[in-house]
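Participant: Could you have a look at this structure, given as structure tokens, before my questions?
Values quoted throughout were computed directly from the atomic coordinates according to the rules given, and no laboratory measurement underlies them. What you are looking at is a predicted structure, and each value in this text was computed from that prediction instead of being measured. A quick note on method: Cβ atoms are made from the backbone with ideal geometry, for glycine too, and the neighbour counts reach across all protein chains shown.
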Amino acid sequence: MKTNFKETKSLKKSILFFILILIFLVGCKSKKDLNISTPVFGKKEFTPLEMQTWYQKDYLEDSIPGISLDKWYRLNKKQPRAKSIIVAVIDTQIDINHEDLRGQLWTNNNEIPNNGIDDDHNGYIDDINGWNFKGTKAGDYVVWSNYEYVRIAREWGVLFKDKTESQINTKDLSKYKEYHRALTMLEKENKFYKNWLKSLNHNVAIYPLVKDTLRYFFPKEDYTYKQLDSLYKKYKINDKTYRQRRDDNDKDLGALIFYMMISLEVDEKTFKDLIDRQTYLDSVVTKNVNVGYNERLLIGDNPNILDKAYGNNNVSNKAGLESVQEHSTKVSGVIGANRENHLGIKGIVQNVKIMPLSIIPIGDEQDKDVAMAIYYAVDNGAKIINMSFGKEFSLHKEWVTEAFKYAEKHNVLLVHCAGNNGFDIDKNPFYPNDNGSENFDEVISNFINVGSISHKLDSTFVSDFSNYGKQNVDLFAPGDEIYSSSPDNAYKFDSGTSFSGPMVSGTAALVWLYYPNLTATEVKQIILDSGTTYNLNVIIPGTKDKKVPFSELSKSGKVLNVYNAMQLAEKISKKKKE
């Protein structure tokens, strides 16, 4: 049901009375049940400040489906029992000099900076703030990488190329099928990107003609998409004057107008935008989907052997590409941006140390880097590992699973974003995950997979890009239009499950700071059990209008709630002490 809050005063009073009754009933629930089943009366209009902070709000207090963070900070009177907690952020490189992250980053106090010696004997030289697993031997980093299906096609092609299923041993059958799935994806994507690049090359070539043509109609070049659309619809009738000045080399006027309309629609407003897109797509074709490209040659290691002897300590190498630092800087800001410096944003938790571990290129991360980053995080004291990345194929899933088990053994919580493909990951594989090889059985108990919601309490509540799954997504958290820190002391909005995961990581850090006697498994269950339940039907991501109850899209059927989690954590922590 949708409700307009610009209704009559009497209706507002009725709604307020109903909410007060609801709050009273919630307060009278048994101590074991902190779930809130909410009626859906969402706020419709947001101020600019509310948009920047919506995810921290409380539904009952603000009519905004946030994580009730502000509410907890306002009502909390206790002091944390732990001084700080380390959260490893396995991601891209990071802007370690950002004003809102100063003092919030992990420092390896057992290492003497820049002396070229592995002082703490952990296998990594001068790892002062973490490690760059995409670092090259020259001290730089690898920006471009294959997609995983390309690696599988290359690696497993030696075993399976030109063979039929009847020729394959039973033990290799699942790998054979995965090889062909990867091969099909490679052929499809290779064709798609090459055609796109071909089209873009044509667009670059005719761009001067388009600009010159439109200057005839718009001398100041101040046209909008709407104006071009209007011109496009009328040009066949009114192009007599134009045709008189065309030469034989001119293109069809309608096609030229339509070209610029498309350019405006995809934010290619200038020739530089077009060239940047062309450069990007050229790298996709020659590197991302190219079987002959091997990024590990620059790193100098063997990606099929687990070892420490690769990478470098430069976790903040920008080298003119802001995007290389952007993702991790935003993710880290959600978790631990300084809450006390009166700058930018407020992270979920203040007493945190972010440990940046770089593994993400433009392309797919490699399983070796994922596994080695997890081992590094665990061995160097991280309690929570945030993983805002994912892919549809996994060449060495077993390595990652073993690393997950290592984290479980050392009581470390793993938090992973569910992905932005808009599909059901119960049916479509998405890695890394906590599943057994052939079923949904969880092989570890310390893994949380997080989908994304928006601030809109209507049928679009679940972000249209978010992956979902009753078995493989544990809960949802805000991930749509999230305002966070960005390189060069900037702040921007961005969307993705990449931001839903950090909401959970920050909450877990907060729980452990106050209740350090809890285990990773207990923290996971507290977060899942204490979420908010929203009783509404939502559009399934990836469909136009097919709806299901929100509760059917994840295992818990809930949205992260910090206030409830802290209340439940206190009760469970007390019980453990009795």
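Participant: Collect residues whose amide H, placed 1.01 Å from N in the peptide plane, falls under 5 Å from the amide H of ILE362; neighbours closer than 5 in sequence don't count.
Facilitator: Excluding prolines and chain starts, which carry no amide H, the hits are TRP144, SER145.
Participant: Report, ordered by chain and residue number, the lysines lying within cross-link reach of LYS456, taken as a straight Cα distance under 18 Å and ignoring same-chain residues fewer than 8 apart.
Facilitator: Result set, ordered by chain and number: LYS2, LYS6, LYS43, LYS44, LYS57, LYS544, LYS546, LYS547, LYS558.
Participant: With charges set only on the Cβ (+1 for Lys and Arg, -1 for Asp and Glu), what does the dipole of the chain come to about its Cα centre, in debye to the nearest 20?
Facilitator: 2040
Participant: Just to be sure I understand the rule: take each whole DSSP H helix in the chain, project its Cα atoms onto its long axis, keep it if the span is 24 Å or more and its mean Kyte-Doolittle hydropathy is at least -1.0. Which ones pass?
Facilitator: Membrane-span-like by this criterion, though nothing is claimed about a membrane: 9-27, 173-217, 497-514.
Participant: Ok, one more. With unit charges on the beta carbon (Lys/Arg positive, Asp/Glu negative), name the residue among ILE67, THR92, MET51 whose Cα is farthest towards the positive pole of the charge dipole of the stretch 42-92.
Facilitator: Looking along the dipole axis, the top candidate is ILE67.
Participant: Would you calculate a helix-derived [θ] at 222 nm for the chain, using -39,500 (n - 2.57) for each DSSP H run of n ≥ 4 and dividing by the full residue count, to the nearest 500?
Facilitator: -12500 deg cm²/dmol
Participant: Give me the distance in nm between label points sitting 7 Å out from Cα along the Cα-to-Cβ direction at LYS492 and HIS180, one decimal.
Facilitator: The two pseudo-label positions are separated by 4.3 nm.
Participant: Let me ask you something else. Quickly work out the ASP282-to-SER230 label distance, labels modelled 7 Å from Cα along the C-beta direction, and quote it in nm with one decimal.
Facilitator: Between SER230 and ASP282, the simple spin-label model gives 3.9 nm.
Participant: Here's another thing I want to ask about it. Order the peptides 88-95, 491-498 from the highest to the lowest mean number of other Cβ atoms within 10 Å of their residues.
Facilitator: 88-95, 491-498
Participant: Could you check the spin-label model distance between ASP545 and LEU298? Points 7 Å from the Cα along Cα→Cβ, value in nm.
Facilitator: Reported label-point gap for ASP545 and LEU298 is 4.8 nm.
Participant: Rounded, prolate or oblate, given the Cα gyration tensor of the stretch 400-477, with a/c below 1.5 counting as rounded?
Facilitator: Note, shape of the stretch 400-477 comes out prolate.
Participant: What residue among ASN312, LEU228, MET372 has its Cα farthest toward the positive end of the dipole of the chain, where the charges are +1 on Lys, Arg and -1 on Asp, Glu, each on the Cβ?
Facilitator: The Cα lying farthest towards the positive end belongs to LEU228.
Participant: Once R0 is set to 45 Å, what does the formula 1/(1 + (r/R0)^6) return for the Cβ-Cβ distance between ASN201 and ASN537, expressed as a FRET efficiency to the nearest 0.05?
Facilitator: So, using R0 = 45 Å, E works out to roughly 0.50.
Participant: Using 0.36 nm times the number of residues separating LYS576 and LYS77, minus their current alpha carbon distance, what extension gain do you get?
Facilitator: Answer, rounded to one decimal: 177.5 nm.
Participant: Place the peptides 195-204, 535-544, 360-369 in order of packing, highest mean first, counting for every residue the other Cβ atoms within 10 Å and averaging per peptide.
Facilitator: Descending packing order for the listed peptides: 360-369, 535-544, 195-204.
Participant: Please state the shape class of the chain: rounded when a/c is under 1.5, otherwise prolate if a/b exceeds b/c and oblate if not, all from the C-alpha gyration tensor.
Facilitator: oblate
Participant: Calculate, for PHE271 and LEU306, the FRET efficiency according to 1/(1 + (r/R0)^6) with r their C-beta to C-beta distance and R0 35 Å; round to the nearest 0.05.
Facilitator: 0.15
Participant: Another one. Could you order peptides 289-298, 502-511, 165-174, 150-159 by the average number of other Cβ atoms within 10 Å of their residues, highest first?
Facilitator: Put in order of decreasing packing, that is 502-511, 150-159, 289-298, 165-174.
Participant: Given a Förster distance of 35 angstrom, what is the FRET efficiency for SER323 paired with LYS171, based on the Cβ-Cβ distance and rounded to 0.05?
Facilitator: 0.25
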